[in-house]
Amino acid sequence: MKKKIIIIFFLFIILSTFNPILPIQSLGFFSIHTIDVQGLNKTNIQKFNNDINYLKNTNILNIDENKVLLLLEKHEWIEDIVISKKYPNKIIIKVKEHSPLILWKKNNKNILISNTFKILEKFENTEITKLPIAKGDFSITDLKNLYEILEVNNFDIKNISIFEYLLTDRWDLYLKNNQKIMLGNYDFNTQVKNINKIFAETKNEKLTNIDLRIKNKIYVR
């Protein structure tokens, strides 16, 4: 009986400490052989592949995703990275890139603003040809605030050709149909709602200027 107990005890130790994954790993079954990168268009592909190449022949079970996400800081066009594993030895890296939104002409310098209102320094001229232009010495937060209010109120943002920020801390909007909207330095939400009402009421008229610079007053011509 005592001998039987000893045998059972040793069997328990062996089974509880045995890891069947280890010999499989040692045979290379979980070593990454293939890295499939998808979604790169504006990012330097060769540079990105060089930065991600360290993952080859490492253990697919122990990928440090936080380390991979550090590439967001290294490649300015990348907005997000998602990693999926295809066992036993392939990973797929799906990259989401920023989309160009507005071209900011600041102090004779072209600066690209992305759809997440991130400043993008490196871009090709072909990426800015059809973008609306922003002028003036504003903060990105100021522009984002105005843009989001326009979106929420279903303003036709695609019809805006120029966002101009003036020294009086207010905006002028130039539309593609040669209309000019002069906003005041107060509640943008109310102003945009009033603009939409004016457009709805005068849709058959050709307006050139809508002036909302003075609170509670609207001048139209």
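Values quoted throughout were computed directly from the atomic coordinates according to the rules given, and no laboratory measurement underlies them. Just so you know, these numbers come straight off a predicted model, no measurement behind them. Every residue, glycine as well, gets a Cβ built from its backbone with ideal geometry; the counts of neighbours run over all protein chains shown.
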Top positive-direction residue, dipole computed over the range 30-97 with Cβ charges, set 43, 30, 95: 30
Per residue convex hull volume, Cα atoms of the range 103-184, in Å³: 102
When only C-alpha pairs under 8 Å and at least 6 residues apart count, what is the relative contact order of the chain, in percent? 11
Which one, 52, 153, 199, is farthest towards the positive end of the dipole of the chain when Lys and Arg carry +1 and Asp and Glu -1 on their Cβ? 52
Could you pull out which residues in the range 151-189 have an amide N less than 16 Å from a spot 7 Å beyond the Cα of residue 219, following the Cα-Cβ vector? 171-173, 180-185
Per-residue ellipticity at 222 nm for the chain, helices alone: DSSP H runs ≥ 4 residues times -39500 (n - 2.57), over residue total, nearest 500 deg cm²/dmol? -8500 deg cm²/dmol
For the chain, report the convex hull volume of the alpha-carbon atoms normalised per residue, in Å³, without decimals. 212
Taking 25 Å as R0, compute the FRET efficiency from the Cβ-Cβ separation of residue 71 and residue 141 and round it to 0.05. 0.45
Estimated translational D of the range 30-97 in µm²/s (Stokes, Kirkwood radius over Cα pairs; 10 °C; 1.306 mPa s): 132
Between the alpha carbon centres of the range 166-188 and the range 76-90 the gap in Å comes to 43
Let me spell out the model: positive unit charges on the Cβ of Lys and Arg, negative unit charges on the Cβ of Asp and Glu, origin at the Cα centre of the chain. What dipole size does that give, in debye rounded to 20? 540
Farthest towards the positive end of the dipole of the chain, among 61, 138, 186 and with Cβ unit charges of +1 on Lys and Arg and -1 on Asp and Glu, lies the Cα of 61
